[in-house]
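Encoded as structure tokens, the structure appears first; notes follow it.
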Amino acid sequence: MVELGKLEITSSQKTGLVFTGAFVIAGLVLSIMVFPFWHLIREDLFEDVVILSNDDGTCYVETVDNIPKTIDDCNLQAGDTATIKFGDGLAWATIVSP
């Protein structure tokens, strides 16, 4: 029977605790320093643009971030104005319905 305050763990339990601790610490280091979570969340930007061309349902526009955007399933013609939504730094966008 175990006496109060005198808990002993075996060698294999100590080894298991060390490996579990090392695994948790490695996971924290990877999640914080190597792959920050906030890189997965992009800010949505909205912009009024002019459609440059429509190539069989794929429209092309130019935005202020100088990254040309493609819009799939687009039924607008070249010269039409539309409001688009796109992620910061991404090359695709969607048309926002007014």
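Note on Cα Rg over 2.2 N^0.38 Å: of the candidates [x] 1.29; [y] 1.07; [z] 2.15, the value calculated from this structure sits at [z]. Between 0 and 90 degrees, the angle of helix 11-29 with respect to the longest Cα principal axis of the chain falls at about 20 degrees. Ranking Val18, Ile51, Asn75 by how far each Cα lies toward the positive end of the dipole of the chain (charges on Cβ) leaves Val18 at the top.
Just so you know, all these numbers are worked out from the coordinates, no wet-lab data involved. Everything numeric here is computed off the predicted structure, so don't read it as measured data. Using ideal geometry, Cβ is built from the backbone for each residue, glycine included, and neighbour counts are taken over all protein chains shown.
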